[in-house]
Structure formats: C-alpha cells, structure tokens
C-alpha cells in the first residue's frame, strides 16, 4: 500500500515499538498525564490475558497457588529487611493521606511483595509438613523510576507483575525450587517462542535481599538486551527479619528458606518486539486474540458481492467450530488492501481471502502473516490446512527468534574486539573471567556495557585468561548494552 | 462431629461470615497490618476467579471491551467534575512522595475511574460512528472508609471492582444502555443464584456525578440489606467537565452521553453469605473450584484399603473425563469424618464416598452438599447422576435464595408496623410514597433505616397515601437496615 505510515522494525526499533503499540491498539502510552503509566487497550489487553494464561498454565500444575495481597505495605513492614529497603528506598511511592487526614503510618505502594507475604506466612505456616509452599500473584507494582521510562519496558506502574514466593524446610529444597523456577520460565518462554540467555547475575546486581539472582535476558531487534525474568534464592534473609520459624522434621524450630521469582509486562513487550516486522506484529497463535481473519473480496454485481460475504461468514463459522479464534472483516466502505494492512499490523497469524472467482472453483486464498505467501486451498481442506499453517508459522517464529539470539552472542577474547562488537551491532559478548568482581566491573566501564553475569549453569573456560588481570579464567562473563 | 467449631449461619451471621472465610481459606482478614485490607487465599481466589469469568461471560458478548487503566489519578483530573470530587474527597488516598522526594502533583489511588477514562476517551473517540463504546476493567479501588470496615463487604481496598464505562451519541442511547446494563447484571446474578431487588436510588443517594442511579440490593441471612451493584446514567456531566466532544450524525459537535456501572468484591461475599448453612459454604457448581470430592473409605486389610484408594482415583479420573472439576482426598491419617467436615465447610457441591463393600456391589455413595442426603449409585451411572445432582443442587440453591428474599420484602401501610418489622426481622419494607424527598427522609429517621429507592421499573401505588403527608402515593419506597 502506498502512503501508509510504517516504521522499520530492526533498523529503527524504538520508533517502531512506539508506533506499533499505538497502531495495533496494544498500549496507549505518553498521553496519560502521569509519567511512566499507560493504558492497556482492548486488543493489547487480550494479548496480555493470553500470555497470563500461558504463565498460569505452567505454574499451576507445578503446585503454585494463586493469591492476592494488598497493594499497600506499611512502612515498618517494608523496612524490616534492611538490604531490601536499601535497594528500594529511592523508588517507593508513599501514600501519606486518607481523605484530608494525614495517616499515622506511611503506606508504600508495593514495589514487590516479599515483606507482606513473609509477614502473613508467619500466621499460615508452622511445620515442615506444610512445605514446600508456592504462592504467586499477578499484580501492579510501582517504582518511582528516575531513569528514562519506556512503554511496557521501564514503567512506573508495572501492571503485569507475576511474582512467585516459595517456602522450604531446607537450603537444599530452596535450591531445588530455583531449578524448578528456571525450568518453568524456560517453558513459559518456549511457549511464547521467545529466546533467552540464562545468567547468574553478578553479586553487586542481585535482588535486594537475595543470596543470589538468576536472570533471563533476551536481545531485542536493535541489539539491546532486555531482562525478562529473575529467580532469587532468598535464603533465610526475610524469614529471619520477620522471625518466621517452623517446626522441622527433627522437631527443632528454625527459620525456613525462601525463593521468589518474577516476570513483568516485559514478557508482553518481548512477544511484540521479537516477533515483529516492518508491517507490525506477528503473534504466536496461542496468544493471538484473532488467529484467522477472513476477508471477503467482493466483485461483480450486488448479488454476487452479497454471496461472497455470506460465504466468508460460513467459512468463518466452520473454522470456529474447528476451534480457531476467527474474525470476519466485513466492514463496508473499506477496501481489501486497507483491511490487509489493518490485520497485518495486528499480527493475525493467518488471513483467508474469499473471492467470487475462487469460490466458483471451491477454493479460498490463505496467507501466513510472517511469509505473506498466498496459496489457494480447497474449501473442504481449509480447517486442516489452517491448523498446519498455524503450527508451521509458530515453528518459523521460534527458529527465527533463536537464530537471531545465537547470531548476537559472541565469545571473544579481546576487549577491543568486544568494544567494537558492542558498538557496531550490540548483542551480547562473552569474555573470559577470573571470578573477581573488580575485573568485571572494570570491563563494565571500559566497554560502556553492563555485566549480565556468567552463563547458568556455569560454563568452564579452560585455558582462557581474564583479559583484565591475566589470571586463569573460571568461566565467561557476559556484557551487553541493556534497556 | 463432636467438638468442631461451627457458627450459626442465620442466627449469628456476622460471626459465621468471619468464621467461614477463614475456615474455608477464602479471605484472610484482620491480621494484615492495614485496616480494611485482606488477602485472597488460594481457595477464595479460585472462587473469585470463576465469578469474574461469569461476569466476563456476560459482558464480552454484549460488546464490552476489557481494558486496564492506571491506578493513579492526578489531583486535577479527579477534581475536574465538581460533584464527583465532593462525593469522594473525604475518602481518597493520596500519594504524595516518590522515593524521598515530594511529588509535584498529588496522585489519588483511584476510588473509581470516570475521570481518567473520560480523559483518555477525548483522544480515542471523535465521531458517532465509533459509538456506542463500552469499556470495562476489573481492578482494585481504594476508599478511606470511616465507617466500620467488614471483610469483603466494606473494605478500604476493594480488590474486585468491575467498572464499566460507556459512551453514546444521544441521551436515548445512554438510556438504552442503562437497560442493557440492568439486564446484564440480572443475568450475572442469575448465574450465581443470587436474588436481587432493583431500585431507583433516591436522588440524595445517587452516585456523585450521575443523573440517577439504579441499584441492585439483596438481603443477607441476618436480614440486613447489601447493595451489590449499581448502574449510573452520567448524562453529559463528565463529558462537559472534560470538554469531550464528538461529531454527531448531523455533523454538529456535541458532548456525548455516558453511563457507568459497577460490581465489587461484594458479589463474592454474597455468593458465600446467601448460599451457606451452619456447616459452611454451599457453592453453585459453576463457581466451585472443586465440584466433586471423592473420598475413599478404607476398611479391612492393607490390600483391600489400597484397592479402595485406587478405585477412588479411577472414579475421579472418569469424572474428570466427563468434564467435572474433581479432587480425591486420599490424605492418610485423616479420618473420613474429618474429611467430610473439611469439604463441607468449603462448599463442594457433591461428595462421592468410595467404600470396599459398596465397590463389591459396583456402587458408590453420592451426597449433595445442601441436603446432605446420601444415596447409592451404580458406578457406570456415576457421571450422569452427578451431572443431574449438580443441576438440581443449583436449582435448589436458586429457589431457596429467592424464597428467602421474597419472604423478606413486606408491602405495608403503617409506619409503626414497618418499624416493628425492621426491628424484629429486618428485611425490606415498602411503604407508599408521594414522591417528595422530605417525606422519605423523614421516614428514614423514624424507621432508623435507609431508603433504598422505589422499585425499578416503577411500580404504581394506586389508591395509596403517603404515610407522612397523606398525599396520594405515586409509587412505593423501600426501606431497610443496610450494611
């Protein structure tokens, strides 16, 4: 189509992202009069809802129980774990007034819920027999970000924060839970065809209050890296701070062990970012609000036009019976080209065009959103062919996304080369690392990049030397320009 | 069972309610250190989630689109409609600080979202061609209640506020929407087997900023009345305040018309309250997290006990294949009686007991939660019989609930009699009304009750006289002791 506004997905990614979330009516950002807060529009809401279903579909069978805690956390609760509050102090929103009265106790808008959940667990959990216990909730969290905000990526109200909180009777069981959580996140991202790197974050970059943090990162189309999930072993830090004790198997009393892990709005941002092209979204079929759009292509006299629209509706009904989410675009006064544009931007995986001449041959045209290749399919084979098309589109998305990630991770030895790669095409570079914080921190500065941590599980680097101190490397350290 | 704690559902309702929401692990209230805020526990969360599904199932097919707006509303936006802010001023929570810095503009935790939604609609809606538009969201709202708080009934954080907001090109279309909303709410409550009275609220009790308010009320087991839903015709009050104009069919520009309607956590409270008994909850099958609990009744030697448990699991699997939500309670070391108690409190509609002797006869025992009547059913007829049992339980709940409501509405002529009824057994009394506010307000005082408004649609009261001024009555006014 001539004259329509489009943005370049890869070469001008940040503009593309801002364009497509408005064009496809995903998320309205920048007009609501509070910085860093936006609106989930109807189409975006439906994508988000299906992604939440994917998350629940993985967590629930593993024994996670969904709950809902209050938004407001009293100041003294939030301050109970000292490292935790130090990590969040500068970015907590405080409620100070109810009506015209000042409150006795300041209330924080939750930045995360370790403190309120641990507090309540002291009432609920008394014995190892109740463990492991796995709670989660999907809620808004608030962070008074001082960095530049970005829609769905760096918000002051994160509206889709899935936070899981678990309790265990031993360090070993908490370690097992970390593995389970990592495995769960892999499955969630696999279902969304999102590629990831799993890294153990450097100690200076772990979650405030955790023993250590394992993070999932992905590479966005502009080569910048986005953190898309984190898993924390909290040890006994919070249970000690709240004097939360349970009876163990040997009848002694001790503070139990905890983990927590989170996924945010970024999971939706990533589905949008990773699977796009210059025309807009390309949605994996399992999260597409509309999987098949049927577009009648009317021609000839009124009678014939009417028949085409009726036939399009009949085909749609048949596809619905076969279990697909189908929309018929029978808007009058819109040309087929404009409709194509509309549904391509919204990433509908498969389009079915129903035209008069083809109908006479008992056929319709099917086009997949990613390849845009069109082919004729006999009407009686349509449901089966669309099933295959959705499945192969899904596989192509998955392959394309993982190829992109692989081509953006470079194992290097030279700092100079690493700097060049990070400046030219970004992505992730891995350099040998001796294990000393100061060497990685020096490279963060030299490279103008962030240390993501070392590969998890840890990867050996035999025969390699730390490019800073020259000592033998124990693993590789990842660096990237991050969002 | 001897020695277990139970509370009287009808004769000691408030204590019963507090007991059962904790006993059945629905909602933890009174321990979280902020007044008026509680925690949805896993079992309660699942009930709530299914009730939300019922709401969505009614609203979505009517063309309502789900969205998600920010929690925080800047002060100037909230103050734009003057009656509205007067109605909410005393009960708004204010965020005044981000981190350690004071904010430039105070931010309100939304008490409701007319202002933020109307503000954004000015960007989105420009023409009558886009109308009617129906948005809704399901969110937490916050009210700094000065009245006594009650779990799920009068909260400071209402966590399940379904608020719908619609836009229309004429007053008439907004009136049509009011009818659609009332009809939608009737269907939602019918699906939950909750009886209701529909009243047009007195003008002094309408929503702040509305032309008028239609309300749904129900009578709780203690005879007190609970408002469970409201529908407002907002007229042009908000569109004028925000100078929101659209192009009309005749090409002129004018402020569009709006409605809004809301349902809260009280819908869950009502399902719990209305369908209980002294043993606990009785859940309608469509919102029960577990519809059928299968309990093995082991006896005899180990081999025989094992066979009973295996058979219980096989039966459960078969019932699952038939589409029911089934749980097998095979906990060891718990006696069957304790298990009965556990699942009765949680309101599971049907219990299947699997015992060795019955198995030999190819039978199991089925008991419905409401009647507690037990009967033997041949195993091969179990799936079909359970379907019938769930359906008839649902009908019994519906009938019992509506009979309760009907028996608690009294049409009276004498104020003295009305006062006696309201004091002795509460419920709703209807007295003839002349149409003057001051007469109804006088009776509110004399009766120590709240005027709920007149029946909607308005019911005539021919030949009746207002008991206050003696003038001819134009309709009936409802009075009740309310929550």
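Spot the failing condition for residue B:410; the list is (1) touching a strand residue (DSSP E or B) at 6+ places or on another chain (Cβ under 8 Å); (2) closer than 30 Å to residue B:445 by Cα; (3) not in a strand (DSSP E or B), and only one is missed. In the conditions (1) touching a strand residue (DSSP E or B) at 6+ places or on another chain (Cβ under 8 Å); (2) closer than 30 Å to residue B:445 by Cα; (3) not in a strand (DSSP E or B), residue B:410 misses (3) alone.
Evaluating residue B:148 against the criteria (1) more than 9 Å from chain A (Cβ to nearest Cβ); (2) at pLDDT 95 or above leaves one unmet condition, (2). Take the conditions (1) in a strand (DSSP E or B); (2) free of Cβ contacts under 8 Å to residues at least 60 places away in the same chain; residue B:172 misses just one of them, which is (1). Just one of (1) touching a strand residue (DSSP E or B) at 6+ places or on another chain (Cβ under 6 Å); (2) more than 14 Å from every other protein chain (Cβ to nearest Cβ); (3) in a loop (DSSP other than H, G, I, E, B) fails for residue B:11. It is (1). For residue B:119, the conditions (1) under 28 Å from residue B:40 (Cβ atoms); (2) within 8 Å of another protein chain (Cβ to nearest Cβ); (3) in contact with a helix residue (DSSP H, G or I) (Cβ under 8 Å, 6 or more places away or on another chain) are fulfilled apart from (1). If you go through segment A:96-106 one residue at a time, do you hit one that is more than 21 Å from residue B:106 (Cβ to Cβ), at pLDDT 95 or above and more than 7 Å from chain B (Cβ to nearest Cβ)? No, that holds for no residue. In contact with a strand residue (DSSP E or B) (Cβ under 8 Å, 6 or more places away or on another chain) and modelled with pLDDT under 95: does that describe residue A:483? Yes; evaluated as a whole, the condition is true for this residue. Scanning segment B:262-288 for residues that are part of a loop (DSSP other than H, G, I, E, B) and under 8 Å from the mean Cα position of the chain (by Cα) yields B:264, B:265. Could you please let me know if residue A:196 is touching a helix residue (DSSP H, G or I) at 6+ places or on another chain (Cβ under 6 Å) and crowded, with 24+ Cβ neighbours inside 10 Å? No; evaluated as a whole, the condition is false for this residue. Candidates are the residues of segment B:208-242 that are more than 21 Å from the chain's Cα centre (by Cα) and assigned to a loop (DSSP other than H, G, I, E, B); the one that is farthest from residue B:479 (Cα to Cα) is B:242. For segment A:122-142, the set of residues classified as closer than 20 Å to residue A:87 by Cα and more than 9 Å from chain B (Cβ to nearest Cβ) consists of A:141 only. Applying the condition of being within 15 Å of residue A:298 (Cβ to Cβ) and surrounded by fewer than 14 Cβ atoms within 10 Å (Cβ to Cβ) to segment A:315-332 and asking which residue is modelled with the lowest pLDDT yields A:332. Kindly list the number of the only condition in (1) touching a strand residue (DSSP E or B) at 6+ places or on another chain (Cβ under 8 Å); (2) assigned by TED's automatic domain parsing to the domain that holds residue A:135; (3) surrounded by 15 or more Cβ atoms within 10 Å (Cβ to Cβ) that fails for residue A:253. The failed condition is (3).
Listed here are the residues, each with its yes/no results for (1) farther than 30 Å from residue B:239 by Cβ; (2) assigned by TED's automatic domain parsing to the domain that holds residue B:103; (3) surrounded by 20 or more Cβ atoms within 10 Å (Cβ to Cβ); (4) touching a helix residue (DSSP H, G or I) at 6+ places or on another chain (Cβ under 9 Å).
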{"position": "B:26", "(1), (2), (3), (4)": "yes, yes, yes, yes"}
{"position": "B:31", "(1), (2), (3), (4)": "yes, yes, no, yes"}
{"position": "B:37", "(1), (2), (3), (4)": "yes, yes, yes, no"}
{"position": "B:47", "(1), (2), (3), (4)": "yes, yes, yes, yes"}
{"position": "B:55", "(1), (2), (3), (4)": "no, yes, yes, yes"}
{"position": "B:73", "(1), (2), (3), (4)": "no, yes, yes, yes"}
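Just one of the listed residues (A:139, A:158, A:105, A:167) is touching a helix residue (DSSP H, G or I) at 6+ places or on another chain (Cβ under 8 Å), in a strand (DSSP E or B) and touching a residue at least 40 places away in the same chain (Cβ under 8 Å), namely A:167.
Please count how many residues of segment B:20-71 are more than 9 Å from every other protein chain (Cβ to nearest Cβ), part of a loop (DSSP other than H, G, I, E, B) and over 20 Å from the mean Cα position of the chain (by Cα). Final tally of qualifying residues: 3. In segment A:448-464, which residues are surrounded by 15 or more Cβ atoms within 10 Å (Cβ to Cβ) and on the phi < 0 side of the Ramachandran plot? Result: A:449, A:450, A:451, A:452, A:454, A:455, A:456, A:461, A:464. Is it fair to say residue B:359 is within 22 Å of residue B:286 (Cα to Cα), in the same structural domain as residue B:303 (by TED's automatic domain parsing) and in contact (Cβ under 8 Å) with a residue 12 or more places away in the chain? For residue B:359, the condition - within 22 Å of residue B:286 (Cα to Cα), in the same structural domain as residue B:303 (by TED's automatic domain parsing) and in contact (Cβ under 8 Å) with a residue 12 or more places away in the chain - is not met. One residue stands out in segment A:75-90 among those that are at pLDDT below 95, buried (at least 17 other Cβ atoms within 10 Å of the Cβ) and assigned to a helix (DSSP H, G or I): the one that is nearest to the other protein chains (Cβ to nearest Cβ), namely A:88.
The values are calculated or read from the model by the stated rules, or taken from the named source; none is laboratory data. A quick note: this is a predicted structure, and the numbers were derived from the prediction, not measured. Cβ atoms come from the backbone with ideal geometry, glycine included; neighbour counts cover every protein chain shown.
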